[in-house]
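Structure, as structure tokens:
Coordinate-derived values only; no laboratory data. What you see is a predicted model; the values in this text were computed from it and never measured. Heads up, the Cβs are rebuilt from the backbone with ideal geometry, glycines too, and the neighbour counts pull from every protein chain shown.
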Amino acid sequence: MLDSILIEGDKAMFMPNFGAAVVVVQPGDLKGSGPATINGKKICVDGDEKKVSVPGCTYMTPQYCIPGVGTLEIAALAGNQKATKTNTGGKPVLLKGGNFTAKFSVQTPAQQPPPGPGSPIPDSTPQYTGNGMFITTNVLIKGS
């Protein structure tokens, strides 16, 4: 099935729910590395999704209500986000597709207020899993 080809400057939009964690998400920018272009912008190819990184996002969980900070990244593409037929420079192009798997890596753990006097208790979970989708400005050129 044909779907929009992703290009330089398109956005990776992350959903705020990452399991028990709720993240204050920000979009990530795609950087294309394919030799072909659409409207003067490089096409995104397999592997370009690994370069998306959005640091400095805050998060909390029901148990850890003092916010922490981490980085959003794309963990894995959905099956319909990598072209099987359309490629450029010998690599499959990336397609808008469905939802990708996202990961949130904790840099500064959220904390739980202490039950009495003492220090807050830090979240011990180093990473959370969620989802996201691509938003593209390319509505004309499609691939499969």
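Among residues other than Ala83 with Cβ under 12 Å from its Cβ, the summed charge is +3 (Lys and Arg +1, Asp and Glu -1). Here the range 14-74 and the range 88-113 have alpha carbon centers that stand 5 Å from each other.
Among 92-102, 124-134, 55-65, sorting by the average number of other beta carbon atoms lying within 10 angstrom of each residue, highest first, gives 92-102, 124-134, 55-65.
Per residue, the average separation of C-alpha pairs within less than 8 Å and at least 6 apart gives the chain a relative contact order of 31 percent. For Lys82, the residues whose modelled amide H falls within less than 5 Å of its own, excluding neighbours fewer than 5 places apart on the same chain, are Leu95.
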